[in-house]
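Presented below is the structure to which this report refers.
The values are calculated or read from the model by the stated rules, or taken from the named source; none is laboratory data. Just so it is clear, the structure is predicted and the values come from calculations on it, not from any experiment. All Cβ positions, even for glycine, are placed from backbone atoms using ideal geometry, and neighbour counts span all protein chains on display.
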């Protein structure tokens, strides 16, 4: 009972842990009441506390259980072995026996006894009374680990109100903590998008999260690529263990509570007044108080389960006949089908699963919505139930889109074949044509296929106009405008941004339907960003984002299109901080789209790091982006990610890595993909060591000329900056001329560098290096230092040369600095317990492990264990990382 449990490093909860440690070390302080849902981490936290305290306390553990909850003193039985049968029911004898068991020598002990009661919500009243006396007499510290349901005996709360224990309520892990726990469980980094989705599904409950991880691994949904874990598809199903855990929780509820909980699980989200009329109103209040359900603040006050996985399990546990009974009850109480997005999806799938007749139009609507929410498994599950021939072609488009999400390009093309020629519905023509254009990029057939899709769209509309189907003329006109917009998108894909702008601006200003305005405005913003006006593009895109937010679920299909252009504009404008915040916020929302578009977002984040020069962070992030895009690449971003990774590796002199990615890039190009101009530039620089610098510069100049021909000012600036990076200052005046006509911080900096080089102003270049370093642009800072040194060397000024060499060495060293773990926040010593902070201070003062053990009265093994756990928390590998102050001394006491 006094064994110290060696636990995995605790994730999060450090403030709570420090407070609990203080309680247990304070000779006159209270005990502890740890309160939280099943699986929230109460035992893990107390294990960490016991490990932290080491020999300073003597822990004892007893376990309460539901089967003996009514038996007096049952929880204390392991401490009562010295009692006779006649004494076992005498409270005074029991108290004396407990005191004797905790202090067998009968004398005060320097290490106080700590009695930990697991599952104290099941403890019998008699045991609590004894423990209250034990705590009041300060004979031992009592620690209760309790769930909110079933509620613990009233005496436990009395001990809290009387100050005999302090109460700590454990909350779910946040997104960052979930990422840390995932990495700990999988023994490797987990990409942020994946941990965000796991956080949403698990509700931040550590036990559910770990079960979810194991289940996803066993099904191949969670895979390791490039030493990082990521989701390869939707999370589906639940493990047997998780079903047992949830079943045990539900069995503790009363009949009315169980019935209400099942109703919410099957129908969620469901209006509060419907739930109350469908069952017991008081049960709703009780379930909310027990955190089983949540009630939204919207006008309908929709009720949902607080824990998504619990709902998934309950829906599997409810028998079909009972499910049908509940459905009939709910449908009779609702005035219409659900208006919320998740409500409609649940309504349709529930009806199909229970054998209820669901209108084909509702099934199609749900399938379209599911695709907009990136739930392809739902689409494939429900569309087969559509019987109406007039809706089957529209359903076929949704099946094709679902296959595209899953990476089955061939299957998607097959499902889409013939739809445009056969359908009599203009909306189906629109959806099929747009999807065909999106598939064109993945097939490597390029812009012509996009324009071909637009042509076939227009031809289909002409056919419908001549038919006798009674097609709405306004719908036909909107379709014609849509096909024209698709043609303009094809032109932009070919690089003809200047030619498309006037027409796009006219449609953006004059179109009378939101869908056409949204598409036109997004393409217009892309043209402006590419042609040197990214700040103006951002303003348009912010207006479009407001449109998307206010337009309902139909606009969700364009969310990715808008986001891609917004990311481009922010990159071209040099607004890296804004972009970084945008990406983090999007990931934190954990939409299902992260599973399929996470590679693009990871690439965008890696490009921010690359442009800043945080290469030690950029390269692993770009490698992860490559791995994710190999699984799902809806936007044909893989060649850009591969080229960027090769480029980053070449700057860091990781020659083998650079060569591996360069070869992969060449393979992709041979297969017909169309990398961006910047990607082509990155690939040229990455191969410079093998092709020769002059060959690489010639290739870059050719790319710059192509960019200039297309009016792609942003790409031309980026390419000319790469030429400068390879050591050719002859393009300085061209860079000045181009940058003068562009908006944004990137252009402003390029202009300053170009002017300084044109005037051979070494002092100005050193100023720019200092300014760039202060703004966190380490690569630009190193470039400016390199340019300054060349000028100083050409003048033969030895003293200034030495100064320039030192500056360049310092700037270059910063490029490969050890960044924080790619997916987490910066390491922070505030994460450490007080004892660990003491050890960190001694390490930084130069103390050896043996010195630390003697100073703190610990064993050498305990000190080594503390250091190991500290390294895990901080994301470091060596004690030298503490000694050199890499993480500072903030928070040390």
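Brief remarks on what is shown
- Segment 72-102, subset under 50 Å from the mean Cα position of the chain (by Cα) and either assigned to a loop (DSSP other than H, G, I, E, B) or not assigned by TED's automatic domain parsing to the domain that holds residue 27 (or both), residue surrounded by the most Cβ atoms within 10 Å (Cβ to Cβ): 73
- Selection from segment 28-71 of residues that are over 31 Å from the mean Cα position of the chain (by Cα), assigned to a loop (DSSP other than H, G, I, E, B) and crowded, with 19+ Cβ neighbours inside 10 Å: 30, 57, 64
- The one condition in (1) over 15 Å from residue 601 (Cβ atoms); (2) in contact with a helix residue (DSSP H, G or I) (Cβ under 7 Å, 6 or more places away or on another chain); (3) not in a loop (DSSP other than H, G, I, E, B) that residue 640 fails to fulfil: (1)
- Of the residues making up segment 587-631, those that are buried (at least 22 other Cβ atoms within 10 Å of the Cβ) and outside any helix (DSSP H, G or I) number 2.
- Single residue of 762, 773 found to be over 20 Å from residue 731 (Cβ atoms) and touching a helix residue (DSSP H, G or I) at 6+ places or on another chain (Cβ under 8 Å): 773
- A count restricted to segment 250-288 and to residues that are part of a helix (DSSP H, G or I) and in contact (Cβ under 8 Å) with a residue 40 or more places away in the chain stands at 11.
Residue-by-condition table, conditions (1) crowded, with 18+ Cβ neighbours inside 10 Å; (2) closer than 29 Å to residue 669 by Cβ; (3) without any contact (Cβ under 8 Å) to a residue 60 or more places away in the chain:
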residue	(1), (2), (3)
369	yes, no, no
382	yes, no, yes
387	no, no, yes
390	no, no, yes
402	yes, no, yes
412	yes, yes, yes
432	yes, no, yes
461	yes, no, yes
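- Filter result for residue 507 (crowded, with 18+ Cβ neighbours inside 10 Å, in contact with a strand residue (DSSP E or B) (Cβ under 6 Å, 6 or more places away or on another chain) and assigned to a helix (DSSP H, G or I)): no
- Helices (runs of 4 or more DSSP H) within segment 411-498 that include 1 or more residues within 30 Å of residue 704 (Cβ to Cβ): 426-443, 447-466, 473-493
- Filter pass, residue 799 being over 15 Å from residue 724 (Cβ atoms) and either touching a residue at least 40 places away in the same chain (Cβ under 8 Å) or more than 36 Å from the chain's Cα centre (by Cα) (or both): yes
- Candidate set: segment 643-668, residues that are without any contact (Cβ under 8 Å) to a residue 40 or more places away in the chain and in a loop (DSSP other than H, G, I, E, B); chosen: the one nearest to the chain's Cα centre (by Cα): 654
- Qualifying residue in segment 556-568 (condition: free of Cβ contacts under 8 Å to residues at least 40 places away in the same chain and farther than 20 Å from residue 635 by Cα): no
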